[in-house]
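Below is one structure, written out as structure tokens; the observations come after it.
The values are calculated or read from the model by the stated rules, or taken from the named source; none is laboratory data. Remember, predicted model here, so these are calculated numbers, not experimental data. So basically every Cβ, Gly included, is an ideal-geometry build from the backbone, and we count neighbours across all protein chains shown. Heads up: the accessible areas ignore ligands, DNA and RNA and are worked out on the full protein's heavy atoms, side chains in. Shrake-Rupley method; radii C 1.70, N 1.55, O 1.52, S 1.80 Å.
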Amino acid sequence: MTNIHERIDIGTIQVSALLLRDAKFFTRSLDSRALIEVAREAEARVADLSSAGERTVTVDTPIGSFEAAYMPWQWRGPDYPTLIYHHGCGERPFDFGRFSSNSFRRLFVATDEVIPANVVAVRAPFHDGSNMDYVRAMGDLENFIGMLAASVGLIDAIATRASDRTSSPVLASGISLGGWAVNLHRACFDTVDRYVPIFAGAALGEMFVSSVYRKMTAGLAQRRPDHLREVLDFEEEFRAVKADNCAPLLARYDRIIEYDRQRSAYAGMSLSVLEKGHVTGSLATERLREHVFRVLLACDSDRNGRG
């Protein structure tokens, strides 16, 4: 029997699928190289992180170039940890307007709490227009893979720049789409000191195959579940990383990023669990911020201990 958290997830996706009609994921094409292969070869360059402002970046991948962006939102100095944050699906992370509802604004901008870190926000390709523009772009599997690979390349470039500028830890966190990008970076590069994925795992294909999110997937793709798993999953590569550097958070009643399916990637790690669903968990701002801040404060404590 489903609870309220699960019902909200199911209802949200059902309504979204009705609104999209034929504009669903992978409607036009399923052709693409494997996500892990493309992400490993993604390359980007970033400028100075200490100056505020939005910066557009062209990320080169084996399947083409993709336009992403980043914003140094707070720079406290080289003695502080650096947090790189990646937004969720369909969000416009640089919209700080009064009525905006993106996760970056909720977690970091709209709080009075002091954030003991340099904070840099990442915007994935296809997230500078409308939600419908984004969904239309996702008609090609290759665009979805290029989007995630570009995010990974940009995260890596920012992490490299931050490491050059500071002697303090670099952290990467993200929710949903951002969580997948963070985990994918760990599987490909593992050059960040601490990863804090929220509502994500490493069996990405499974989300489109067996979760309620399959209703957002085109019929052609639904009929080729093994292909989606083969192209999108990266569990083997994620588990191959032996470093104890990941602090994941999953929602027990999440019907999109399903807890029972995704938690296996985190075997042996300290997995935090929120007693909510995907939608209700995403709106549990205080709990999400608390999880990220706990990891940040641990890094800050290490900094003070060294000092």
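Need the failing condition index for Leu20 against (1) under 25 Å from Asn131 (Cα atoms); (2) under 19 Å from the mean Cα position of the chain (by Cα); (3) of a type in the set (A, V, I, L, M, F, W, C), just the number. With (1) under 25 Å from Asn131 (Cα atoms); (2) under 19 Å from the mean Cα position of the chain (by Cα); (3) of a type in the set (A, V, I, L, M, F, W, C) applied to Leu20, the lone miss is (2).
Here's the yes/no breakdown for (1) among the charged types (D, E, K, R); (2) out of contact with any Ser or Thr (no Cβ under 6 Å at 6 or more places or on another chain); (3) within 20 Å of Ser151 (Cα to Cα):
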site: Gly201; (1), (2), (3): no, yes, yes
site: Glu206; (1), (2), (3): yes, yes, no
site: Val212; (1), (2), (3): no, yes, no
site: Met216; (1), (2), (3): no, yes, no
site: Pro225; (1), (2), (3): no, yes, no
site: Asp233; (1), (2), (3): yes, yes, yes
site: Ala243; (1), (2), (3): no, yes, no
site: Cys246; (1), (2), (3): no, yes, yes
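Do you know which of the residues in region 161-178 that are in a helix (DSSP H, G or I), in contact (Cβ under 8 Å) with a residue 60 or more places away in the chain and not charged (D, E, K, R) is farthest from Phe234 (Cα to Cα)? Among those that are in a helix (DSSP H, G or I), in contact (Cβ under 8 Å) with a residue 60 or more places away in the chain and not charged (D, E, K, R), it is Ala162. Hey, among the residues in region 118-136 that are aliphatic (A, V, I, L, M) and modelled with pLDDT of 95 or more, which one's farthest from Leu171 (Cα to Cα)? Among those that are aliphatic (A, V, I, L, M) and modelled with pLDDT of 95 or more, it is Ala124. Screening Asp260 against (1) surrounded by fewer than 23 Cβ atoms within 10 Å (Cβ to Cβ); (2) in contact with a strand residue (DSSP E or B) (Cβ under 7 Å, 6 or more places away or on another chain); (3) part of a helix (DSSP H, G or I) leaves a single unmet condition, (2). When the criteria are applied in full, Tyr253 meets the requirement of being farther than 30 Å from Arg40 by Cβ, of a type in the set (Ser, Thr, Tyr) and modelled with pLDDT of 95 or more. Checking Asp254, Asp190, Asp244 one by one, the residue that is crowded, with 23+ Cβ neighbours inside 10 Å, among the acidic types (Asp, Glu), in a loop (DSSP other than H, G, I, E, B) and touching a residue at least 24 places away in the same chain (Cβ under 8 Å) is Asp254 and no other. When region 78-107 is filtered for residues that are touching a residue at least 60 places away in the same chain (Cβ under 8 Å), open to solvent by less than 10 Å² (accessible area, probe 1.4 Å) and either more than 15 Å from Ile158 (Cβ to Cβ) or not aromatic (Phe, Trp, Tyr) (or both), the ones remaining, listed by number, are Pro81, Thr82, Leu83, Ile84, His86, His87, Gly88, Ser103, Leu107. In region 237-244, the count of residues that are β-branched (Val, Ile, Thr) and over 16 Å from the mean Cα position of the chain (by Cα) is one or more. The set of residues from region 53-108 being of a type in the set (D, E, K, R) and under 18 Å from Leu177 (Cα atoms) comprises Glu67, Glu91, Arg92, Asp95, Arg105, Arg106. Which residue is surrounded by the fewest Cβ atoms within 10 Å (Cβ to Cβ), if the candidates are limited to region 123-160 and must be part of a helix (DSSP H, G or I) and charged (D, E, K, R)? Only one residue tops the list, namely Asp133.
Residues in region 40-61: is at least one at pLDDT 95 or above, among the polar types (S, T, N, Q) and open to solvent by 30 Å² or more (accessible area, probe 1.4 Å)? The answer is yes, given that some residue of region 40-61 is at pLDDT 95 or above, among the polar types (S, T, N, Q) and open to solvent by 30 Å² or more (accessible area, probe 1.4 Å). Looking at Ala172, Ala202, just one residue is surrounded by 24 or more Cβ atoms within 10 Å (Cβ to Cβ) and under 21 Å from Thr58 (Cα atoms), and that residue is Ala172. Tell me, yes or no, whether region 26-36 has at least one residue that is small (Gly, Ala, Ser), surrounded by 18 or more Cβ atoms within 10 Å (Cβ to Cβ), closer than 16 Å to His185 by Cα and touching a helix residue (DSSP H, G or I) at 6+ places or on another chain (Cβ under 9 Å). For region 26-36, residues small (Gly, Ala, Ser), surrounded by 18 or more Cβ atoms within 10 Å (Cβ to Cβ), closer than 16 Å to His185 by Cα and touching a helix residue (DSSP H, G or I) at 6+ places or on another chain (Cβ under 9 Å): absent. Scanning region 221-233 for residues that are crowded, with 20+ Cβ neighbours inside 10 Å, out of contact with any Cys (no Cβ under 8 Å at 6 or more places or on another chain), aliphatic (A, V, I, L, M) and not in a helix (DSSP H, G or I) turns up nothing.
Every residue, every condition in (1) under 19 Å from Tyr85 (Cα atoms); (2) out of contact with any Gly (no Cβ under 9 Å at 6 or more places or on another chain), yes or no:
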residue	(1), (2)
Gly129	no, yes
Met132	no, yes
Arg165	yes, yes
Ala181	yes, no
Leu184	yes, yes
Ala187	yes, yes
Arg214	no, yes
Ala218	no, no
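With respect to (1) surrounded by 22 or more Cβ atoms within 10 Å (Cβ to Cβ); (2) out of contact with any Gly (no Cβ under 8 Å at 6 or more places or on another chain), the lone exception for Ser272 is condition (1).
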